[in-house]
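Here the structure comes first, spelled out in structure tokens, and everything after it is commentary.
The values are calculated or read from the model by the stated rules, or taken from the named source; none is laboratory data. Bear in mind the structure is a predicted one, so any value in this text is a computation, not a measurement. For neighbour counting, all protein chains shown are included, and Cβ atoms are generated from backbone atoms with ideal geometry for every residue, glycine included. Only protein heavy atoms, including side chains, enter the accessible area calculation; ligands, DNA and RNA are left aside. Shrake-Rupley method; radii C 1.70, N 1.55, O 1.52, S 1.80 Å.
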Amino acid sequence: MIEIFAPSELPRARAVGALVGHILHTVQGRVRVGTNLLEIDAWTKAMILDAGAESCYVDYAPSFGRGPFAHYICTSVNDAVLHGLPRDQVLRDGDLLTLDLAVSLDGVVADSAVSFVVGAGADPSDLAMIETTERALAAGIAAAVPGAKIGDLSHAIGSVLHDAGYPINLQFGGHGVGSTMHGDPHIANDGRAGRGYTLRPGLLLALEPWVMADTDELVTDDDGWTLRSATGARTAHSEHTIAITEDGAEILTLRG
Ligand code: MG
Ligand code: MG
């Protein structure tokens, strides 16, 4: 289902977007070498509940997962890229961490993800991969104007990823958001311009380019959730929720 929000409803979308951006910013600022993934989950739970918001993850039980997710944030480390189930794992210097968070407040959802390197020992190729997904996200957002097609966004995102030499997995990508976390339309991270649904004001979209350094194949952990690169290569993921307005895209999940 595609939901369209009236201008009078946008303040609610801005509020939940700001909350998600604030939580991710705060958690990223607290993460240190030695932080346990379960601590990150606990911090996130406290901030969601303090804000009177609801987690989109705790009870999330899609066909591809194993039972309810039962945690508040996705923590994907190094070769893990999507749906990283928080576990008893301590972060080390140079680990590449992706946080992905979706929250509902006053009946509207926002969804955002950020990748960064923990500590001081960053591998330059990790930083380049993260920067590429951020640039692909920016290109998708720039293309998200009223009258554009979903294929224009896919093409803009995919062009950046291709040009940087990364394989692209089309199994998981961006999506509409609204009263639920995953609505229509689907926004693949590559595609042909001029195809698909036409963007109009009031549409809320989560754009989320992600890559694995040398493969487009995923494998699932024994936990039934965490998706890793089939080769063990490192991964990166950048996501924002945007609102389509008469003037173009407004980023709702800016971090701060
Ligand atoms: Mg997300
Ligand atoms: Mg998403």
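For the list (1) touching a Gly at 6+ places or on another chain (Cβ under 8 Å); (2) not in a loop (DSSP other than H, G, I, E, B), I need the number of the one condition that R228 fails.
(1)
Could you check Y60 against (1) at pLDDT below 95; (2) of a type outside the set (A, V, I, L, M, F, W, C); (3) more than 16 Å from ligand 2 (Cβ to nearest atom) and say which number it fails?
Every listed condition holds for Y60 apart from (3).
With the condition kept exactly as written, say whether any residue in the range 26-39 is at positive phi and over 16 Å from the mean Cα position of the chain (by Cα).
Looking through the range 26-39, at least one residue is at positive phi and over 16 Å from the mean Cα position of the chain (by Cα).
Which of the residues that make up the range 20-39 are surrounded by 16 or more Cβ atoms within 10 Å (Cβ to Cβ) and either of a type in the set (S, T, Y) or in contact with a Ser or Thr (Cβ under 9 Å, 6 or more places away or on another chain) (or both)?
Answer for the range 20-39, where residues must be surrounded by 16 or more Cβ atoms within 10 Å (Cβ to Cβ) and either of a type in the set (S, T, Y) or in contact with a Ser or Thr (Cβ under 9 Å, 6 or more places away or on another chain) (or both): V20, G21, I23, L24, V27, T35, L37.
Within the range 161-177, is even one residue in contact (Cβ under 8 Å) with a residue 60 or more places away in the chain, among the aliphatic types (A, V, I, L, M) and closer than 23 Å to E54 by Cα?
yes
For the range 151-158, state whether one or more residues are within 16 Å of ligand 1 (Cβ to nearest atom) and over 24 Å from I4 (Cβ atoms).
No, that holds for no residue.
Give me a count of the residues in the range 194-219 that are in contact (Cβ under 8 Å) with a residue 12 or more places away in the chain and more than 14 Å from ligand 1 (Cβ to nearest atom).
Here the count works out to 18.
Residues are listed down the side, and each one gets a yes or a no for (1) within 16 Å of ligand 2 (Cβ to nearest atom); (2) surrounded by fewer than 22 Cβ atoms within 10 Å (Cβ to Cβ); (3) farther than 23 Å from E131 by Cα:
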| position | (1), (2), (3) |
| --- | --- |
| L170 | yes, yes, no |
| H182 | yes, yes, yes |
| A206 | yes, no, no |
| W210 | yes, no, no |
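I'm checking my understanding of the structure. Among residues of the range 107-124 that are away from ligand 2 (no atom under 16 Å from the Cβ) and either of a type in the set (F, W, Y) or in contact with an Asp or Glu (Cβ under 6 Å, 6 or more places away or on another chain) (or both), which one is least open to solvent (accessible area, probe 1.4 Å)?
Here the residue is V118.
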